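Worksheet for the structure shown next.
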Amino acid sequence: MRTPFVAGNWKMNLDGARAAALVESIRSAATKTTAVEVGVFPPYPYLADVVRRCEGSSVRVGAQNCHAQNSGAFTGEVAAPMVKDVGATHVILGHSERRQFCGEDDAQVRAKLAAALAHGLVPIVCIGETLAERQAQRTLDVIRRQLDGALAGFSAAQLAPLVIAYEPVWAIGTGMNATPAQAVEVHRFIRASCAERFGAAFAAALRIQYGGSVKPENAAELLSEDEIDGALVGGASLDPRSFLSIVQAATV
Ligand code: 13P
């Protein structure tokens, strides 16, 4: 059985005081459950403080991105060993907002994935189609291309810690979530593609989160699907009550 993983992507929100208050509320409540893994992904400046506040708890803490290189003249960037050095254990890679606003492509996601794995970070690789791609019935082609691009050349053993987040771009921040049936279709396709590449055991153990307008009102119907192994939550993760109610929905 795969343990569901519910993670809050705080994106470029909050300030130090609000980040501290949010993680304190999550930490005290989330530590009570072992049936669900819980994670938070604060902006870089708050990462070290959030890590410190989560010490001794089961809450995972990660960065929202990392650079492919270990160091060098890359002004404004943060390297995987730096993320590791402040005590974070996870990193989100290839989020659609980075693909859209920062021009990240599949090859860059692959290079970042190599860096994350080399430094022992658990990567959450985000993939998903735009509305135009879905309407043109190209969803599965896009997913295949993103998987091929990001995962090419790795072995199943190297990718053992991998988590994939299926985040349809049209569902992110729009209030319009994928239906359970739409998400399940794509999750099954991702799992089958990974079975082809990395074997049945790898695919059976792979956790695939759904992300895109997950909120307390739709979490139960999405997370009750066997194929959906948790959620990557944006807006609703900024409110502890909403986030914890989504965590709760993943326990049943
Ligand atoms: P929303 O939950 O705000 O739609 O964002 C989803 C997301 O992008 C998580 O990474």
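Since every read-out is calculated from the coordinates, none of them should be taken as a lab result. This one's a predicted model, so the numbers in the text were calculated from it and none came from an experiment. Here the Cβ positions follow ideal geometry from the backbone for every residue, glycine too, while neighbour counts run over all protein chains shown.
For LYS84, list the lysines whose Cα falls under 18 Å from its own Cα; do not include residues on the same chain fewer than 8 positions away.
LYS112
If the cut-off is 14 Å between C-alpha atoms, which aspartates and glutamates fall inside it for LYS11, apart from same-chain ones fewer than 8 positions away?
GLU97, ASP239
Take the alpha carbon atoms of the range 155-203, find their center, do the same for the range 47-114, and report the distance between the two centers in whole angstrom.
Cα centres, the range 155-203 to the range 47-114: 20 Å.
Determine the shape class of the chain: with a ≥ b ≥ c the square roots of the Cα gyration tensor eigenvalues, call it rounded for a/c under 1.5, and otherwise prolate if a/b is greater than b/c, oblate otherwise.
rounded
Can you tell me the order of 214-226, 35-47 when each peptide is scored by its average per-residue count of other Cβ atoms within 10 angstrom, highest first?
Most protected by this proxy first, the peptides run 35-47, 214-226.
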